[in-house]
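The values are calculated or read from the model by the stated rules, or taken from the named source; none is laboratory data. Note that the structure is a prediction, hence the values are computed from the model and not measured. Cβ sites come from the backbone with ideal geometry, for glycine too, and all protein chains shown count toward neighbours.
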Ligand SMILES: Cc1ncc(C[n+]2csc(CCOP(=O)(O)OP(=O)(O)O)c2C)c(N)n1
Ligand SMILES: [Mg+2]
């Protein structure tokens with residue numbers, strides 16, 4: 001008997017060596033699980049993970065190879081997680097990044113990114129550093145020190161935000177932590193943030209590792225098939241439905257199920273509505289596409305939703321924006337089917353759960369309902385509703401003179417900006433957004449022409465995702481341009497990663513929409529009787545309120561100071577010219593920022609829908625009293641969707 005072969009490395013060196021050997025495989029195609037490691041060093045990781053990345057980079061340079069784990073220096077830890085998410089979302093969750101951060105604030109800065117990844121079901125590997133496992137000189141710099149729980153650290157805050165969490169206090173614990181994290185990252189039903197907390201002393205500790213830990217490892221990304229009996233139940237339900245509607249969610253994209261969805265819709269004539277994450281499941285112009293559904297939906301999809309007798313969700317979490325806070329699917333006796341790889345989501349709305357990969361589930365369903373089609377009257381109604389909505393989009397992209405004449409000089413409407421960007425970018429370009437008034441407008445109005453053409457983070461709707469998320473898309477794909485639509489509020493939260501795009505010579509097109517504050521929350525506030533309080537960026541006025549006029553903030557100069565090429569536009573024609581210039585810029589030329597000012601008084605067409613935001617039940621303000629009454633009335637339309645959906649033969 002010979003002892004197993006070992007190699008002596010630090011914990012951090014072992015982490016880097018292991019991550020470089022991980023691959024994913026789906027449908028026979030292999031990809032790296034980790035494109036690299038984003039990081040910001042401090043005393044918690046500089047001599048641990050930092051030293052290991054240095055060794056890896058130098059070894060690769062000497063050998064004339066790519067590093068096992070390419071290092072990219074970020075500027076803000078939250079933003080680095082967004083970059084990893086943007087990358088992984090664009091790559092259909094098959095490749096992501098590791099993110100290393102120092103002890104304390106460096107690590108807790110990643111918490112928002114962790115929540116965003118987990119909520120959106122996007123894989124990212126987070127490597128926060130921890131304070132000393134030995135605790136010999138406690139408390140150390142940036143240590144939490146809870147008198148009642150000596151083993152709790154700030155990194156425990158990652159637990160509820162991660163789909164996998166482990167802290168490696170001993171080198172022996174590392175293999176299980178790494179394998180557990182990779183299993184979760186590559187499981188389509190479980191994926192999200194995987195977090196391994198690495199105490200600063202443990203990172204530098206040497207250990208004799210079995211060499212097999214570092215063998216190439218391929219993680220199969222499964223396409224679990226649906227149970228045939230369940231498929232038959234759904235086929236029965238569909239055959240007996242008069243007004244079926246599909247709701248396509250992000251799972252359609254992650255599974256690469258767009259063609260299977262199109263085949264199902266074409267064969268059956270069932271109209272397809274889309275969630276934020278699912279938008280682009282069918283391209284604009286597809287005969288069964290009725291666009292966005294829910295609070296930010298099209299009037300076409302929402303009219304169909306209101307009357308639907310069978311709603312078939314595919315890869316959706318059924319968020320409140322999708323269901324219009326459970327008012328969208330209003331028909332008495334409406335039934336649901338939920339095709340989802342995650343049983344958790346498949347069980348929602350008391351529907352028939354079809355637990356399966358979206359592509360394989362749709363293929364099975366198409367086969368099971370072969371020959372069945374919705375009736376012609378329904379198909380005609382669908383087509384008419386869509387034509388009416390699409391004409392509204394035309395009028396929003398290119399508003400009539402009575403709208404444009406009323407604008408102050410130099411200002412555009414937001415609809416004009418979206419229209420110009422849509423019409424003057426390439427079909428394969430990616431539009432990206434996350435928070436503010438633009439995600440809703442994009443959901444309704446954007447005409448998607450490619451399956452990867454629409455990237456809106458709306459699980460967490462995190463202001464500041466836009467620029468780092470776009471950086472992730474640009475790193476993931478140099479065959480198309482990414483256009484980040486960012487409001488002035490979102491920009492101010494996180495312009496930092498423009499500098500990383502400069503450093504990496506990565507082109508991002510950023511359309512910075514200046515409207516001097518929170519147009520979205522301002523409108524919401526007004527609608528809820530709160531009078532736009534505290535939502536506009538203004539001087540404190542003589543009356544002590546924030547109403548003293550616009551601040552002398554120059555975001556164009558700000559972006560220029562960070563190294564971006566900035567173009568300021570004051571008209572529709574100038575915006576067209578700026579986009580042409582941005583499109584012509586080389587893909588290794590760094591960020592191009594187009595600064596445009598809009599008039600927030602012009603709104604996108606209504607979704608004729610609702611979103612549940614509670615209003616004060618008592619108030620001395622007439623505005624709030626009125627809104628409170630309206631809220632109570634609207635809330636009465638809210639459904640529970642608790643009635644069990646039983647297949648015919650088991651129903652009693
Ligand atoms: C990090 C974060 N903080 C607060 C919010 C709540 N919020 C949603 S939209 C918004 C305003 C966004 O302003 P801006 O980016 O200028 O877009 P606009 O609403 O003007 O279109 C706020 C504060 C959020 N989504 N994310
Ligand atoms: Mg704004």
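Considering the conditions (1) within 13 Å of residue 247 (Cα to Cα); (2) crowded, with 24+ Cβ neighbours inside 10 Å; (3) touching a strand residue (DSSP E or B) at 6+ places or on another chain (Cβ under 7 Å), residue 288 is excluded by exactly one of them, (2).
The set of residues in the stretch 504-527 being at positive phi and within 14 Å of ligand 2 (Cβ to nearest atom) consists of 516, 517. Taking the conditions exactly as written (closer than 21 Å to residue 635 by Cα, in contact (Cβ under 8 Å) with a residue 24 or more places away in the chain and buried (at least 24 other Cβ atoms within 10 Å of the Cβ)), does residue 340 satisfy them or not? Answer is no for this residue.
Table: residues versus (1) in contact with a helix residue (DSSP H, G or I) (Cβ under 9 Å, 6 or more places away or on another chain); (2) within 16 Å of ligand 1 (Cβ to nearest atom); (3) closer than 27 Å to residue 316 by Cα; (4) at pLDDT below 95.
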position	(1), (2), (3), (4)
478	no, no, no, no
486	yes, yes, yes, no
495	yes, yes, no, no
514	yes, yes, no, no
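Residue 614 passes every criterion in (1) out of contact with any strand residue (DSSP E or B) (no Cβ under 6 Å at 6 or more places or on another chain); (2) surrounded by 13 or more Cβ atoms within 10 Å (Cβ to Cβ); (3) free of Cβ contacts under 8 Å to residues at least 24 places away in the same chain apart from (2). Here the stretch 364-386 is the region considered, the condition is being farther than 17 Å from residue 305 by Cα and without any contact (Cβ under 8 Å) to a residue 24 or more places away in the chain, and the residue that is surrounded by the most Cβ atoms within 10 Å (Cβ to Cβ) is 367. A search for C-beta distances below 6 Å between a residue of the stretch 562-574 that is surrounded by fewer than 18 Cβ atoms within 10 Å (Cβ to Cβ) and any residue that is assigned to a loop (DSSP other than H, G, I, E, B), counting only pairs 6+ apart in sequence or on different chains, returns 570/410.
Could you tell me whether the stretch 397-412 includes any residue that is closer than 26 Å to residue 521 by Cβ, surrounded by fewer than 24 Cβ atoms within 10 Å (Cβ to Cβ), touching a residue at least 40 places away in the same chain (Cβ under 8 Å) and within 16 Å of ligand 1 (Cβ to nearest atom)? Among the residues of the stretch 397-412, at least one is closer than 26 Å to residue 521 by Cβ, surrounded by fewer than 24 Cβ atoms within 10 Å (Cβ to Cβ), touching a residue at least 40 places away in the same chain (Cβ under 8 Å) and within 16 Å of ligand 1 (Cβ to nearest atom), which makes the answer yes.
Only one entry in 311, 270, 252 is part of a strand (DSSP E or B), in contact (Cβ under 8 Å) with a residue 40 or more places away in the chain and buried (at least 24 other Cβ atoms within 10 Å of the Cβ), namely 311. Take the conditions more than 16 Å from ligand 2 (Cβ to nearest atom), farther than 23 Å from residue 92 by Cα and in contact with a helix residue (DSSP H, G or I) (Cβ under 9 Å, 6 or more places away or on another chain) and apply them to residue 530. Does it pass? Criteria met by residue 530. Looking across the stretch 386-440, just one residue is within 17 Å of residue 285 (Cα to Cα) and in contact with a strand residue (DSSP E or B) (Cβ under 6 Å, 6 or more places away or on another chain), and that is 386. Residues in the stretch 467-492 that are within 12 Å of ligand 2 (Cβ to nearest atom) and crowded, with 24+ Cβ neighbours inside 10 Å: 485, 486, 487, 490, 491.
Screening the stretch 172-225 for strands (runs of 3 or more DSSP E) wholly inside it with 2 or more residues that are closer than 29 Å to residue 255 by Cα and within 22 Å of the chain's Cα centre (by Cα) returns the ranges 193-199.
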